[in-house]
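**Q** Below are the structure tokens for one structure; questions will follow.
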Amino acid sequence: MLRWEQGLFGGKVLKAESLIKMTTPFKQDYAFGLGVSTKNGHKMIAHDGGIQGFNTSLAYFPDDKLVVAVLANLNGPFAGQIAGNLAKVIHGEKVVLPTERKEITVSPEILKQYVGTYELTPTFSIAITLEDGQLMSQATNQQKLPLFAESETMFFLKVVDAQVEFVKNEKAEVTNMVLHQNGRDVKGVRK
């Protein structure tokens, strides 16, 4: 995977203009088969993959000349989580493990502001509901999961290492959310 990344971004696989086209997002952070985003000031070009029992995560930070490649022999989001944490360590950022997150209580009035559907891609949305005082999230074709507050705008899941951050505009209206998962930040626009 490292050789592939060096060949791809070293000009051995594609012409420069093709590589630019391949890595230029055309829908939010999605380019041609790659996610392109900025993570804590670091541009990241990444792609994850998997097949029966095996998962991979490959991220390239062009400004840092850094490649993070993780291969895992298990199903689930673990390769991406490990890759995200490795990138944080290399960039001198703090890594917070899921077991270290502290749950706080947020008033129902604040929680009601977050109810709605947030589109992350044209085919993937997260529906946020409030049920018996508990904020719930349900991604497209996935089960409904509870969100736990660690601040008035930042929430986390306990079943996977993911956080949901609600973003307000200058009028203090919730306009979008950001899903922080597997070392990536994906914006969801409120519909």
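The values are calculated or read from the model by the stated rules, or taken from the named source; none is laboratory data. Only a predicted model underlies this, so the values are computations on that prediction, with no experimental measurement involved. Quick reminder, even Gly has a Cβ in these numbers, built from the backbone with ideal geometry, and neighbours come from all protein chains shown. Remember, those area values only see protein heavy atoms, side chains included, never the ligands or the DNA or RNA. Shrake-Rupley method; radii C 1.70, N 1.55, O 1.52, S 1.80 Å.
**Q** Among the numbered conditions (1) part of a strand (DSSP E or B); (2) farther than 16 Å from Asp161 by Cα; (3) without any contact (Cβ under 8 Å) to a residue 12 or more places away in the chain, tell me where Met136 comes up short.
**A** (2)
**Q** Another one. Would you check if Ala162 is open to solvent by 50 Å² or more (accessible area, probe 1.4 Å) and out of contact with any Ser or Thr (no Cβ under 6 Å at 6 or more places or on another chain)?
**A** no
**Q** Between residues in region 165-191 that are free of Cβ contacts under 8 Å to residues at least 24 places away in the same chain and residues that are open to solvent by less than 60 Å² (accessible area, probe 1.4 Å) and not in a strand (DSSP E or B), which pairs lie under 7 Å by C-beta distance while being six or more apart or on different chains?
**A** Note: pairs meeting the criteria are Glu165/Thr153; Thr175/Asn169.
**Q** Does Thr99 count as farther than 30 Å from Arg3 by Cβ, modelled with pLDDT of 95 or more and β-branched (Val, Ile, Thr)?
**A** no
**Q** Moving on to the next point. Give region 105-133 a look and list any residue that's free of Cβ contacts under 8 Å to residues at least 24 places away in the same chain, in a loop (DSSP other than H, G, I, E, B) and of a type outside the set (D, E, K, R), or say none.
**A** Listed by number, the residues that qualify are Ser107, Val115, Thr123.
**Q** Quickly run through region 4-29 and pick out the residues that are surrounded by fewer than 11 Cβ atoms within 10 Å (Cβ to Cβ) and among the charged types (D, E, K, R).
**A** Selection gives Lys12, Lys15, Glu17, Lys27.
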